[in-house]
Amino acid sequence: MTHAAPPPHRFAAFWAETRALLALALPMMVAQIAQTATGFVDTVMAGQVGAEDLAAVSIGTSILLTVFLTLSGVVMAVNPLVSQQFGAGEHQAIGATVRQGLWTGLGLGLLGVGLMFAAQQGVSAWMTLDPAVEAKTHSYLTGATLGVPAIVLYRVLHAYSSSVNRTRPIMVISVLALLLNIPLNSVLIYGQFGLPALGGAGCGWATGIVFWFSLLALAGWTYWHPAYQSFAVWSRWTGPHWAQQRTLLRLGLPIALSYFVEVSAFTSVALLIANLGAKVVAGHQVVISFTSVLYMVPLSLSVALSVRVGQAVGAGDYRAARFNSHVGLAVGGVTALLSSLLVFWLRVPIAAIYTPDPDVIALAAGLLVFAAVFQLADAAQVIASGALRGYKITTAPMLIHTLSFWGIGLGLGLWLGLGQGTLPLGYGTRPLGAAGFWWALTLSLVLAAVLLVVLLAKESRRGVRRQILLAEGGARGELATLRRGKP
């Protein structure tokens, strides 16, 4: 048996772990929702200006999220490393790990600047856009690019703080960043205080400024607050250590690719359907924006579960790690069910929040049905991925994500959305447009969820067997020592 607690106490153990998980996850959930709400605010405020501004924000956000989340995936390797060090009581080692993570983040941030400028050229070369939309997209990307190094470095400190059970600073800073973003948007969109009116492109410049605010605030908090002093992150300067850099990259690159294939499967749809018209892109962006807010709930649980599992593994308690994984999946399932019902019942009012255009509302409301359907699968796959990161398992999830999101999500999506693929649901023989992509994305999430949960079950059982064998080996050693008459 692999129970983390005797059967009579199993409910008490489940509830205790749920409280511990939520204590970590809820502040991060507020933080993640606040960060994503920045995109929500951008979409709503740009949508009030016009469909062209909303389309520019949609395309610009798609590119920014793809670059930012992919690069952030690499530095997410700091999470399992610091979590396991914290669980093992190796506090001094944490400082060295975080410093190396900051060097990695700096290099990736500069790489991100180059990728964003290259993406601007790609918008002109690969997409046929209305000149006004293209100009606004370029301006949005220029402003957002300036903040990319800051947000990647911020994610290093985010991983550090959450892994040592300090999630409140992340929450506070994220809420302040959201509150800062709203007036910045207003000033830059409408040209207040003598500044030029940038329209929707102003959202990109506001985003870049907010990224720098977030980095400086969290760096200051971790420097001055007494709770972080035992980890000695800022007490000395050390250059890049190439062995540690290789360890970070070995763990982080698969996470980055997992993020990239998942995010790109969703964000690239906005680019692929750009030629279908600004209203189609705008309707798709409404769904992406709202589901991104919902996604922050399972994502926060995933990060918290990675910490809980990593700390248990660091302490050598694989039974607790497996039990924690079960609790995380159960909590995620309940929240996903509630999200699904919310989206389905309120899909038309949700769409109307973003735009007054009745055509965009109708299209977005139809696509939100897909979002309601895939909530459970999405929660299961992202939470299982987080638990596996706690075990330092990142390559196999990356392969599963690649198969699911690119093979099914994009491959089938291109056939259904832009090719001649059909479904026996009254669509006829024409391509399904945006709906075809969302059919494929829903199927890809289901496949990823099944494969990742199976992989997690296998790896968690393997860890428990390892713990049992070690315990039995230790007991046999003690017995042999006693039989030899040694103390």
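Bear in mind these aren't lab numbers, they're just calculated from the coordinates by the rules spelled out. What you see is a predicted model, and the numbers here were worked out from it, not measured in a lab. Backbone-built Cβ (ideal geometry, glycine too); neighbour counts: all protein chains shown.
Values as computed for the structure displayed
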| read-out | value |
| --- | --- |
| Set of aspartates and glutamates with alpha-carbon distance to Lys392 below 12 Å, sequence-local pairs under 8 removed | Glu459 |
| The range 274-396 shape via C-alpha gyration tensor axes, a/c threshold 1.5 | prolate |
| Separation in nanometres of the label points that stand 7 Å from Cα toward Cβ, at Leu216 and Lys458 | 4.9 nm |
| Nearest-ten-degree value, helix 10-49 long axis tilted from longest Cα axis of the chain | 20 degrees |
| Using a Förster distance of 30 Å, the FRET efficiency for Trp15-Leu470 (Cβ separation, nearest 0.05) | 0.55 |
| Helix-derived mean residue ellipticity, 222 nm - over the chain, DSSP H n ≥ 4, -39500 (n - 2.57), to 500 | -28000 deg cm²/dmol |
| Whole-Hz ³J(HN,Hα) from phi, Karplus 6.51 cos²θ - 1.76 cosθ + 1.60, for the range 284-289, glycine and proline x | 4, 5, 4, 5, 4, 4 |
| Between helix 318-345 and the chain: long-axis angle, C-alpha atoms, 0 to 90°, nearest 10 | 20 degrees |
| Theoretical gain in end-to-end length, Arg250 to Leu110 [0.36 nm per residue, Cα-Cα removed] | 48.4 nm |
| FRET efficiency, Ala197 to Val369 (Cβ-Cβ, R0 25 Å, nearest 0.05) | 0.10 |
| Radius of gyration, Dmax [the chain; alpha carbons; angstrom] | 23.4, 88 |
| Distance between the range 148-188 and the range 328-346 - C-alpha centres, whole angstrom | 26 Å |
| Phi-based couplings in Hz for the range 194-199 (Karplus 6.51, -1.76, 1.60; Gly and Pro marked x) | x, 7, x, 7, 9, x |
| Surrounding net charge for Ala132, when Lys and Arg each add one and Asp and Glu each subtract one, Cβ distance under 10 Å | -3 |
| Cα centroid of the range 62-91 to Cα centroid of the range 198-244, whole Å | 14 Å |
| Low-density loop cleavage sites - chymotrypsin sites (Phe, Trp or Tyr not before Pro) in the range 147-205, where at most 11 other Cβ are within 10 Å (DSSP) | Phe193 |
| Helix 434-483 axis, angle to the chain major axis (alpha carbon atoms, nearest 10°) | 10 degrees |
| Using a Förster distance of 22 Å, the FRET efficiency for Thr238-Glu90 (Cβ separation, nearest 0.05) | 0.85 |
| Cα-projected label distance for Trp224 with Asp130, points at 7 Å along beta-carbon direction, nm | 4.8 nm |
| Per-residue ³J(HN,Hα) for the range 240-256, Karplus 6.51 cos²θ - 1.76 cosθ + 1.60, θ = phi - 60°, Hz, x for Gly and Pro | x, 10, 5, 5, 5, 4, 5, 4, 4, 5, 4, 7, x, 4, x, 5, 4 |
| Relative contact order of the chain, defined on C-alpha pairs under 8 angstrom at six or more residues apart (%) | 21 percent |
